[in-house]
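Read-outs: derived from the displayed coordinates by stated rules, not from any lab. Computed from a predicted structure; not experimentally measured. Because the Cβ atoms are built from the backbone with ideal geometry, glycine has one as well, and the counts that use them run over all protein chains shown.
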Amino acid sequence: MIEASIQRLEWLCEAIPSRLIALEEDELSFKPTIDTWSKKEIIGHLIDSAAYNHQRFVRGQFEDVPTINYDTDAWNAHGYYNQIDSAQVIAFWTLYNRQLLALMRLIPEEKLTREVNTGGAGNHTIRFLIDDYVVHLEHHLHQVVDY
């Protein structure tokens, strides 16, 4: 399925940035409650996810089952995404996902079966992590924009 995930991520990198840029700052920064993320914080979460998955995709190729997990809420709170200019957050999300897309295309087939520990009950292959990354990305993008 990695090819389908690559194709989907390519489409997302083309289609989503213009939809994000079209949103008003007030809409991007609005927090429905103090305990929920704004749309900009959701994009920030996706940047954090990209950063962690970047490590998983790279380190998983040469380290023996590296453990790479993170506290999503703490990362989001201390990333201060709601206070950073929206254009910068959107540009960073776009560029990071284009970088991951290039990386995904270059990972040798035999490396896709290597495993990473993400802090859960079992290890996951790089192949699974790539597919899961795109599914997770879309889950959150649907919370931010319609497409």
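What separates the Cα centres of region 1-18 and region 74-115 is a distance of 13 Å.
Electrostatic bookkeeping for Q61 treats Lys and Arg as +1 and Asp and Glu as -1; over the other residues with beta carbon under 13 Å from its beta carbon, the sum is 0. Inverting the mean 1/r over all pairs of different Cα atoms, compute the Kirkwood radius of the chain and quote it in Å. Final number for the Kirkwood radius of the chain is 15.8 Å.
Averaging the sequence gap over all C-alpha pairs within less than 8 Å and six or more residues apart, then dividing by the number of residues, gives the chain a relative contact order of 34 percent.
If you take every residue apart from L20 with its C-beta less than 10 Å away from the C-beta of L20, what net charge results, scoring Lys and Arg +1 and Asp and Glu -1?
Working: positive: R19, K39, K40; negative: none.
In short, +3.
In sequence order, region 87-92 has phi-based couplings of 4, 5, 4, 5, 5, 5 Hz under the Karplus curve 6.51 cos²θ - 1.76 cosθ + 1.60, θ = phi - 60°, and Gly or Pro positions carry x.
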